[in-house]
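Scroll down for the structure; my scribbles are underneath it.
The values are calculated or read from the model by the stated rules, or taken from the named source; none is laboratory data. Every value quoted in this text rests on a predicted model; they were computed, and no experiment measured them. Quick reminder, even Gly has a Cβ in these numbers, built from the backbone with ideal geometry, and neighbours come from all protein chains shown.
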Amino acid sequence: MQSNSKKASAKLRSAWGRWLKHGVTLLLFMVVAILLFSLVQNMDWQAVIETLRGYSPALVMMGLGITAASFAVFSSYDLLGKFYTGHELPIKQVLPLAFVCYAFNLNLGAWVGGIALRYRLYTKFGLKVATVTRVLSVSLTTNWLGYMLLAGTLFTLRLIELPEHWQVGTLGLQVIGAGLLLVCLFYLSACCYSRRRTWQWRGHEIVLPSLRLALLQMLLGAINWSLMAALVYLLLPQGVFYPTILGILLVSSIAGVVTHIPAGLGVLEAVFIALLQHQVAKSEILAALIGYRALYFLFPLALACMVYLLLERWSKKQQRESESRH
């Protein structure tokens, strides 16, 4: 009886936890929606359209070049995973697979693109689930190490100014930045000096990478975030401080993660307008972000859908060849 009572209590706590999580997410979504509405009300939409029309073909091509470079860097995260795990999938399979997953991740959320699709494609090409988990862990760690390095530096050096009514404040942001840099330093120190290299966590083996791999993770992650900010910077009027754009992008990205909104839809716009409207007209900010979404989200997604179909055919062909050999 006591055992059943404990199980029932645990289930109740779990249910309450799920409802609380969903409630907080819904509340944050409503806050973002209200904030975005308040920021874009009385928006001069004709000015937004004129700004979009003013983008030259050369500028659009430069934007596509930055997008291509960013996706190439992000896809290389899975190459680090290949070297980390030692799996035998060729690079010509890893890179398009990672590209597809990143495009779906950006537009449909991490659970669909970053996790579910990665497991599906990698296992169809013959990798074991445990190996895919390790590749995924390297990719996620690389992304957030780069984030923490850049955000920690920008926040600590006060290269981004928050509105006065934001509760975090400049000092609070500096403290957060210092904390992020300490996490980066701790990770590098562990990879360099830790005598114990392996841990077990929930049935998965965690192996610390070498210092060289950890430094590559941090470098590639930082480059990718910097390229994303460079695209927004390109689409904005001249005279805006690039580190400011990078800092705002980093703030908006973590806000998007917290709210669980796919593609950070509305979150990105709300944060950028709130933090940049004292320097740039709202219409120009919104036009730049529409262009950013078209170049960095929608165009790669359309291409990724076609590449995904090719990968599915490729994996089926590989499976048939494997079955015929046996």
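Have a look at Thr153, Thr123 and point out the one that is polar (S, T, N, Q), without any contact (Cβ under 8 Å) to a residue 24 or more places away in the chain and in a helix (DSSP H, G or I).
Thr123
From Tyr296, Tyr292, grab the single residue that is of a type in the set (Phe, Trp, Tyr), more than 20 Å from Leu154 (Cβ to Cβ), crowded, with 21+ Cβ neighbours inside 10 Å and modelled with pLDDT of 95 or more.
Details: Tyr292 fails: more than 20 Å from Leu154 (Cβ to Cβ).
None of the others qualify; the one that does is Tyr296.
Go through the range 183-203 and count every residue that is more than 13 Å from Gly146 (Cα to Cα) and either in contact with a His (Cβ under 8 Å, 6 or more places away or on another chain) or not hydroxyl-bearing (Ser, Thr, Tyr) (or both).
12
Checking Lys124 against (1) over 15 Å from Glu312 (Cβ atoms); (2) at pLDDT below 95, only one condition comes out false. Which one?
Lys124 satisfies every listed condition except (1).
With the structure loaded, tell me whether Ile160 is farther than 30 Å from Trp314 by Cα, in a loop (DSSP other than H, G, I, E, B), touching a helix residue (DSSP H, G or I) at 6+ places or on another chain (Cβ under 8 Å) and modelled with pLDDT under 95 or whether it fails that test.
Yes; evaluated as a whole, the condition is true for this residue.
For Leu276, which of the numbered conditions (1) modelled with pLDDT of 90 or more; (2) farther than 24 Å from Glu50 by Cβ fails to hold?
(2) is the only condition that Leu276 fails.
If you scan the range 51-69, which residues turn out to be in a helix (DSSP H, G or I) and out of contact with any helix residue (DSSP H, G or I) (no Cβ under 8 Å at 6 or more places or on another chain)?
Listed by number, the residues that qualify are Arg53, Pro57, Ala58, Met61, Gly65, Ala68.
For the structure I just gave you, tell me whether Ile245 is surrounded by 20 or more Cβ atoms within 10 Å (Cβ to Cβ) and either within 23 Å of Leu136 (Cβ to Cβ) or under 20 Å from the mean Cα position of the chain (by Cα) (or both).
Yes.
Among the residues that make up the range 69-79, is at least one of them of a type in the set (Val, Ile, Thr), within 19 Å of Leu213 (Cβ to Cβ) and under 22 Å from the mean Cα position of the chain (by Cα)?
Scanning the range 69-79 turns up at least one residue that is of a type in the set (Val, Ile, Thr), within 19 Å of Leu213 (Cβ to Cβ) and under 22 Å from the mean Cα position of the chain (by Cα).
Taking the conditions exactly as written (out of contact with any Gly (no Cβ under 8 Å at 6 or more places or on another chain), buried (at least 18 other Cβ atoms within 10 Å of the Cβ) and not in a helix (DSSP H, G or I)), does Pro237 satisfy them or not?
So Pro237 does not fit the description; no.
Check off (1) under 22 Å from the mean Cα position of the chain (by Cα); (2) modelled with pLDDT under 90; (3) hydroxyl-bearing (Ser, Thr, Tyr) for Thr198 and give me the number that stays unchecked.
(1)
Taking the residues in the range 127-137 that are in contact with a Ser or Thr (Cβ under 8 Å, 6 or more places away or on another chain) and not hydroxyl-bearing (Ser, Thr, Tyr) as candidates, determine which candidate is surrounded by the fewest Cβ atoms within 10 Å (Cβ to Cβ).
Val129
With in contact with a helix residue (DSSP H, G or I) (Cβ under 8 Å, 6 or more places away or on another chain), within 16 Å of Val138 (Cα to Cα), of a type in the set (A, V, I, L, M) and in a helix (DSSP H, G or I) as the only criterion, which of Ala214, Ala178, Ala190 stands out?
Working: Ala178 fails: within 16 Å of Val138 (Cα to Cα); Ala190 fails: in contact with a helix residue (DSSP H, G or I) (Cβ under 8 Å, 6 or more places away or on another chain).
Matching residue, one of Ala214, Ala178, Ala190: Ala214.
Quick one: in the range 262-289, of everything that is out of contact with any Leu (no Cβ under 7 Å at 6 or more places or on another chain) and farther than 22 Å from Pro237 by Cβ, which residue is surrounded by the most Cβ atoms within 10 Å (Cβ to Cβ)?
Checked the range 262-289; the qualifying residue surrounded by the most Cβ atoms within 10 Å (Cβ to Cβ) is Val267.
Among the residues of the range 45-78, which ones are among the aliphatic types (A, V, I, L, M), at pLDDT 95 or above and crowded, with 18+ Cβ neighbours inside 10 Å?
Within the range 45-78, Ile66, Val73 meet the criteria.
Being buried (at least 17 other Cβ atoms within 10 Å of the Cβ) and in contact (Cβ under 8 Å) with a residue 24 or more places away in the chain is the filter here, so list the residues in the range 93-109 that pass it.
Once the filter is applied, which keeps residues that are buried (at least 17 other Cβ atoms within 10 Å of the Cβ) and in contact (Cβ under 8 Å) with a residue 24 or more places away in the chain, the range 93-109 yields Gln93, Pro96, Leu97, Ala98, Phe99, Val100, Tyr102, Ala103, Phe104, Leu106, Asn107, Gly109.
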